[in-house]
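Below: the structure, in structure tokens.
The values are calculated or read from the model by the stated rules, or taken from the named source; none is laboratory data. Because the structure is a prediction, the values reported are computed rather than measured. All Cβ positions, even for glycine, are placed from backbone atoms using ideal geometry, and neighbour counts span all protein chains on display. Accessible surface areas use protein heavy atoms only, side chains included; no ligands, DNA or RNA. Shrake-Rupley method; radii C 1.70, N 1.55, O 1.52, S 1.80 Å.
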Amino acid sequence: MNIYTTAASIECHRTRIVLAEKDIAHKLHLVDEKKMPEDLLDMNPYGSLPTLVDRDLVLYDSRVIMEYLEERFPHPPLMPVGPVARGQSRLALFRVEHDWFPLVDTIETKSEKMAAKARKELSESIAATASVFAAMPFFLSEEFTLVDASIVPILWRLPHYGIELPKGSKDITDYMERVFDREGFQASLTEAEREFRL
Ligand SMILES: N[C@@H](CCC(=O)N[C@@H](CS)C(=O)NCC(=O)O)C(=O)O
């Protein structure tokens, strides 16, 4: 199995976390998104990262890749079992992708004025979720799931984005310590990502 990812984007990072949590043997190709290799452009019409190649199968879009890995390598499971819990997990994934990912994109790529507004919005939105982080060891779950794999890349980058969570965010910082300490999370980090918290 081959995976092509950037060294530091949150979408790419969440797929590397799933690979590491499941201890899936793979070859990682770190790609500069501005210099996409020709063979990758031939395989993926969107020329986007991450891209996963598993024998004849080529997958792109980080959500599609994570869900494929979950089904192809069911152990350890990164989705709950029952339909209600799975529905809640999928809704949480949708909300993270819909509400938080675009704010990260604005912080990383738009003007300082827009980035400042996005920083404030992201910080407030994460802080407003404190009770969910407090309720269970992982997000809406007793076990680490795809939702955690999607949230952690953002939390890891908060200092890099210039975001300090408001005072009284202990439940969130405790959660951060729990997930940052995981073997899988540590193994998922590229050198560039390690530098976000040196
Ligand atoms: N929705 C996609 C977004 C991926 C994405 O935006 N990837 C960027 C790198 S962070 C990329 O491939 N940029 C190069 C391009 O689109 O040409 C996903 O989750 O995989």
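Of all residues in the range 128-160, those satisfying the criterion of being part of a helix (DSSP H, G or I) and closer than 20 Å to R197 by Cα are D148, A149, S150, I151, V152, P153, I154, L155, W156, L158, P159, H160. Restricting attention to the range 9-29 and to residues that are surrounded by fewer than 17 Cβ atoms within 10 Å (Cβ to Cβ) and in contact (Cβ under 8 Å) with a residue 40 or more places away in the chain, the residue that is nearest to the ligand (Cβ to nearest atom) turns out to be I24. Restricting V104, V147, V132 to residues that are hydrophobic (A, V, I, L, M, F, W, C), surrounded by 14 or more Cβ atoms within 10 Å (Cβ to Cβ), in contact (Cβ under 8 Å) with a residue 60 or more places away in the chain and outside the structural domain of A8 (by TED's automatic domain parsing) narrows the list to V104. Among the residues making up the range 41-54, a single one is of a type outside the set (A, V, I, L, M, F, W, C), open to solvent by 50 Å² or more (accessible area, probe 1.4 Å) and touching a residue at least 12 places away in the same chain (Cβ under 8 Å): Y46.
Quick grid of which residues meet (1) modelled with pLDDT of 95 or more; (2) open to solvent by 10 Å² or more (accessible area, probe 1.4 Å):
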| position | (1), (2) |
| --- | --- |
| V152 | yes, no |
| W156 | yes, yes |
| G168 | no, yes |
| R182 | yes, yes |
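Scanning the range 150-194 for residues that are basic (K, R) and without any contact (Cβ under 8 Å) to a residue 12 or more places away in the chain gives K167, K170, R194.
So, in the range 184-198, how many residues would count as being of a type in the set (D, E) and open to solvent by 60 Å² or more (accessible area, probe 1.4 Å)?
Number satisfying all stated conditions: 2.
Among the residues of the range 47-70, those identified as more than 10 Å from the ligand (Cβ to nearest atom) and not in a strand (DSSP E or B) are R55, D56, E67, Y68, L69, E70. For the range 80-101, give me each residue that is open to solvent by less than 70 Å² (accessible area, probe 1.4 Å), under 15 Å from the mean Cα position of the chain (by Cα) and either closer than 13 Å to T145 by Cα or within 13 Å of the ligand (Cβ to nearest atom) (or both). Correct list: S89, A92, L93, V96, E97, W100, F101.
Yes or no: K110 open to solvent by 50 Å² or more (accessible area, probe 1.4 Å) and within 15 Å of the ligand (Cβ to nearest atom)?
yes
Does D32 satisfy the criteria of being among the acidic types (D, E), open to solvent by 60 Å² or more (accessible area, probe 1.4 Å), within 12 Å of the ligand (Cβ to nearest atom) and in the same structural domain as E143 (by TED's automatic domain parsing)? No: the conditions fail for D32.
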